[in-house]
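Structure record follows, encoded as structure tokens.
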Amino acid sequence: MDDLDNTTGTTPAPSVADATATGSQSENSEDEDYLDNSIELRGYLSKWTNYIYGWQPRYIVLKDGTLSYYKSESESDFGCRGAISLSKATIKAHESDELRFDVVVNNLNNWCLRAETSEDRMHWVEVLQLYKEGTGSTDTTSLRRHGSTMSLQSNTISLASGGSLKKTQRNLREKVGELETFKDILFVQIETLQRYFDACSELNKANAQPLDLGDGLKPIDFKGESITFRATTSGVLSTLQHCLEIIAENDESWKRKLEREIDRRRRAEEQNRKFKEEIEKLKRLSYPGPDFEEGPHSTLPEDEFFDAVETGLEKIEEDMQMRFKLRLQSQISQTLVNVPHEAVAEGEEAREEFGTGAEAKSHALWPEIDRVCKEQLHYAREGVGQDGNGWQIFADEGEIKMYKREVELNGMVMDPLKAYHSVKGVTAREMCHYFFMPEFRNDWETTLEDCTILEKISADTLLFLQTHKRIWPASQRDAQFWSHMRKINDGLEPGTRDMWVVCNNSTEYAKQESKNGKCVRIFLTVILACQTHLPDDYVKGQPLSRDDLTCKVTYCSVVNPGGWAPASALRAVYKREYPKFLKRFTGYVIDQCKDKPIMF
């Protein structure tokens, strides 16, 4: 892992210092290819630190066969932050990023470096390769960091193959055949010796004298000796034959045992391979590098991208639930959004002008606000079967029904969404109130990190800069948009008590850059249209309770997330998160309103 320093800001342009090679060349032939270890190369490059700080400028030095890096040139006299011996390193130019190259040691330590220009990258790569090829060092210290060394050894498992087993069986049969041949030869030799002994015995009988061997030794009974020799040899051969029969009988048993052992080892190797793949996957998620970041050169598979985002969203939701429980226990009202105290003064929402846009009509954005709100209201009132654009239902959970169309712009997913929901016990005004007012947003928006009001155009119209939490491997995102809350008085359906809408739309007006300078900008158009319905038998003037209220909610959105997130992963996230968002938000409004007076 790289250093976790607190360096922030944009990456300065790295520069390549001049490379110098010193040393003399001997006249002897053995020194003709010698390259002096004092070759030096130094300069600034961008180095990947970690997924929080990304690329940061580092001062890189090649000297005495070691590539070292420092946070800056001024710190080079105080010890390096990390070093790699080039003797075992591999220098690889990145295939698609023309400014990047990697220095890798045993797949354990990977330095991802970027130059300012492709020429600088080529110069660094050429010098490093030249040094590595010229030295041919046998140094076994392949990884050094802060004066430490590390080496790894691996063990391999070899299995007996089916071919070697067959060869062993064939050799055994050949040896048994050879023993049979030797046995036949031995019997022939014994028969020959027996005839010789018999002849000697007959000669001895004819002379009627025992055969004198001299030197005072007793005469030999050739026939008795030959019978004994034959019996002994036959016994040895019979025993050997019996052993061979036992081996042959157990051959199949041992063969089956060996096959079972081979099968067990094969399964163990397969399991080991799967474990290694899982470990590598966990390493990628736990120690992410630039290759797995969202971007044009990302090597992270789409399914793993979705898994990582899903895990991040679940963690955020767990944190939010825990925070909500703590707030209930302490009964302390907390405002987690950066909202000026004068943004929505007490009583402003109760004025007659609120929801008409009267106070915002003099603003430069009003023509756009009025036009977009009318377009989106017309769009929300259309049924999913009226425009003929092929709406597909992707969530049907009781009162909640969600539809989408698959649309891509320049490879980026921009699927329009339309959702319908029916909520008991709240009014349209209350639903839009909690959706519009910034002081409540952090209570139901799980991914919100910061929300700043850039301008209060009027009590019912605000200009926001909203930053969302970073969810690895996706880049952090923000959005600048105006938000307008309006009461609708025309075109109401029969049985509708009132209708309110909140419309949000991205704008370049008074454009603000993201706070950390690294966010991908989201472009969105959203409308929340709500209608209050009363029971059919309700008599005007009759007291109302929350049991009499039903709020019909229509939620429409078109979001361009920007960046380079995979289309399939984005659609999977949308399918998972949109129903959860709508249920979470409407549940929050019900909980907030249940003990309060009804607001129309």
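The values are calculated or read from the model by the stated rules, or taken from the named source; none is laboratory data. This structure is a prediction, so every number in the text was calculated from the model and none was measured. No Cβ is skipped: glycine too gets one built from the backbone with ideal geometry, and neighbour counts run over all protein chains shown. The accessibility values were calculated without ligands, DNA or RNA, using every heavy atom of the protein model including side chains. Shrake-Rupley method; radii C 1.70, N 1.55, O 1.52, S 1.80 Å.
For the stretch 580-590, filtering for residues that are under 25 Å from the mean Cα position of the chain (by Cα) and open to solvent by less than 50 Å² (accessible area, probe 1.4 Å) leaves 1.
Looking at the stretch 66-80, which of the residues that are charged (D, E, K, R) and outside any loop (DSSP other than H, G, I, E, B) is least open to solvent (accessible area, probe 1.4 Å)?
This residue is GLU75.
Given the condition in contact (Cβ under 8 Å) with a residue 40 or more places away in the chain, under 24 Å from LEU549 (Cα atoms) and in contact with a His (Cβ under 9 Å, 6 or more places away or on another chain), answer yes or no: does some residue in the stretch 446-459 qualify? No; the residues of the stretch 446-459 include none that is in contact (Cβ under 8 Å) with a residue 40 or more places away in the chain, under 24 Å from LEU549 (Cα atoms) and in contact with a His (Cβ under 9 Å, 6 or more places away or on another chain).
Restricting attention to the stretch 552-563, which residues are in contact with a Lys or Arg (Cβ under 8 Å, 6 or more places away or on another chain) and under 20 Å from GLY587 (Cβ atoms)? Step through it out loud before you land on a result.
Step one: filter the stretch 552-563 for residues in contact with a Lys or Arg (Cβ under 8 Å, 6 or more places away or on another chain), giving 554-556, 561-563.
The answer is THR554, TYR555.
Of all residues in the stretch 481-506 being at pLDDT 95 or above and farther than 19 Å from HIS433 by Cβ, which is farthest from the chain's Cα centre (by Cα)? Going through the qualifying residues, I end up with ASN505. In the same structural domain as GLU430 (by the TED database), among the hydroxyl-bearing types (Ser, Thr, Tyr) and in contact with an Asp or Glu (Cβ under 7 Å, 6 or more places away or on another chain), is that true of SER514? Criteria met by SER514.
Taking the stretch 106-125, which residues are exposed (fewer than 15 other Cβ atoms within 10 Å of the Cβ) and polar (S, T, N, Q)? Correct list: ASN106, ASN107, THR117, SER118.
Of the residues screened, GLN512 is not one that is touching a residue at least 12 places away in the same chain (Cβ under 8 Å) and over 27 Å from LEU365 (Cα atoms). Would you mind stating whether ASP547 is open to solvent by 30 Å² or more (accessible area, probe 1.4 Å), assigned to a loop (DSSP other than H, G, I, E, B), farther than 30 Å from VAL407 by Cα and at pLDDT below 95? For ASP547, the condition - open to solvent by 30 Å² or more (accessible area, probe 1.4 Å), assigned to a loop (DSSP other than H, G, I, E, B), farther than 30 Å from VAL407 by Cα and at pLDDT below 95 - is not met.
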